[in-house]
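Read-outs: derived from the displayed coordinates by stated rules, not from any lab. Treat the numbers as computed from the prediction; the structure is a model and nothing was measured. Virtual Cβ from ideal backbone geometry, glycine too; neighbours counted across all protein chains shown.
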Amino acid sequence: MKSKDILAGIPKEGFLKVNRETAPELSDQERVALIRKGNEFFNKKEYELAKRIFLTVGYTDGLVRLGDYYYDQKMPLEAFRMYKVAPYKKRVEQMIEEMAGIIKKWLKEE
């Protein structure tokens, strides 16, 4: 199966939870080809296409890089989501601490 054929079967939002029912069955070669395509999209700044692929194949490094991108773009919830799916425990815990600090600050202001 060619990577274009595989891409056609990926839902627009990617697979948020990959399990036996939703995950496409990919050979190692297909997975590698998709990861390369995802990296290509990421390098071209086509982040949504890269995200669809990285979510589908569960590519941790790509998800972390997307998390870093979203964080830098001041999109903390999307960054958090990418780190959580990756899973990048250290960064998830760090962001939870940041969010808790913001909530504490809001509560003090009232």
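Which ³J(HN,Hα) values in Hz, rounded to whole numbers, follow from the phi angles of the range 52-61 under the Karplus curve 6.51 cos²θ - 1.76 cosθ + 1.60, where θ = phi - 60° and Gly and Pro get x?
Once rounded to whole Hz, the list reads 4, 6, 4, 5, 5, 8, x, 7, 4, 4.
Take R65, R31 and order them by how many other Cβ atoms sit within 10 Å, fewest up front.
Neighbour counts put them in this order, fewest first: R31, R65.
So if each residue of separation counts as 0.36 nm, and I subtract the Cα-Cα distance between I103 and K45, what length gain in nm does that give? Walk me through the intermediate numbers first.
Details: separation 58, 0.36 × 58 = 20.88 nm, distance 3.25 nm.
Extending this stretch completely gives an extra 17.6 nm.
Express the relative contact order of the range 23-101 as a whole percentage, based on alpha carbon pairs under 8 Å and six or more residues apart in sequence.
With pairs under 8 Å counted, the relative contact order is 20 percent.
Using the count of nearby Cβ atoms within 10 Å as a rough guide to exposure, how do V32, V57, V92 rank from fewest to most?
The fewest-first ordering by Cβ neighbours comes to V32, V92, V57.
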